[in-house]
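Data first, discussion second: the structure below is written as structure tokens.
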Amino acid sequence: MPRFKFSLTTSGDVREGIIQIDSFDAALSAITEHIPVSSGDSLEIGVQGFPPARFMRVATGTDSSAWRQAGLLAA
């Protein structure tokens, strides 16, 4: 089972931790369920040996929000 190391920045606070779970999608869901997040928050998450992926929490509709990958270069 992979171990994901993460750093979550919410309203100026930084929370770091490790979560051991079956998949990347499950890790994102578990973090969101256990830590209150809102639009504009940022998340770095990855596994040992690879650079972390960077995400930004964005509003997607009336009351829902989702993680979008941040820092991508345009083609």
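Here, each number is a calculation from the coordinates, and none is a lab measurement. Values in this document were obtained by computation on a predicted structure and should not be read as measured data. No Cβ is skipped: glycine too gets one built from the backbone with ideal geometry, and neighbour counts run over all protein chains shown.
Can you tell me the length gained on complete extension of the stretch Asp25 to Val58, counting 0.36 nm per residue apart and subtracting the Cα distance?
Details: separation 33, 0.36 × 33 = 11.88 nm, distance 1.67 nm.
My answer for the length gained is 10.2 nm.
Given a Förster distance of 22 Å, report the FRET efficiency between Arg68 and Ser11 from their Cβ-Cβ distance, rounded to the nearest 0.05. Intermediate results must be reported in sequence, preceding the final value.
Values: r = 19 Å, r/R0 = 0.84.
Efficiency for this residue pair is about 0.75.
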Quiz item: Got a sec to turn the phi values of the range 2-15 into Karplus ³J(HN,Hα) couplings, 6.51 cos²θ - 1.76 cosθ + 1.60 with θ = phi - 60°, whole Hz, x for Gly and Pro?
Solution: x, 10, 9, 9, 9, 9, 10, 9, 10, 6, x, 8, 10, 10
Practice problem: Calculate for the chain the 222 nm mean residue ellipticity that helices alone would give, adding -39,500 (n - 2.57) per DSSP H run of length 4 or more and normalising by residue count, nearest 500 deg cm²/dmol. | Solution: -4500 deg cm²/dmol
Exercise. May I ask you to evaluate 6.51 cos²θ - 1.76 cosθ + 1.60, the Karplus curve with θ = phi - 60°, for each residue of the range 36-47 and list the ³J(HN,Hα) values in order in whole Hz, giving x for glycine and proline?
Key: x, 10, 9, 4, x, 6, 10, 9, 10, 8, x, 10
Quiz item: When the chain is modelled as a GNM with alpha-carbon springs shorter than 10 Å, which of Val14, Val47, Val58 fluctuates the most?
Solution: Val14
Practice problem: Determine by what factor the alpha-carbon radius of gyration of the range 3-69 differs from 2.2 N^0.38 Å, reporting the quotient. | Solution: 1.06
Exercise. Let me know the charge dipole size of the chain about its Cα centre in debye, to the nearest 20, where only the beta-carbon of Lys, Arg (+1) and Asp, Glu (-1) is charged.
Key: 200 debye
Quiz item: Taking other Cβ within 10 Å of each residue's Cβ, how do Asp22, Asp41 sort, fewest first?
Solution: Asp22, Asp41
Exercise. May I ask for the angle, rounded to the nearest 10°, between helix 24-34 and the longest principal axis of the chain, with both axes built from Cα atoms and the value confined to 0 to 90°?
Key: 60 degrees
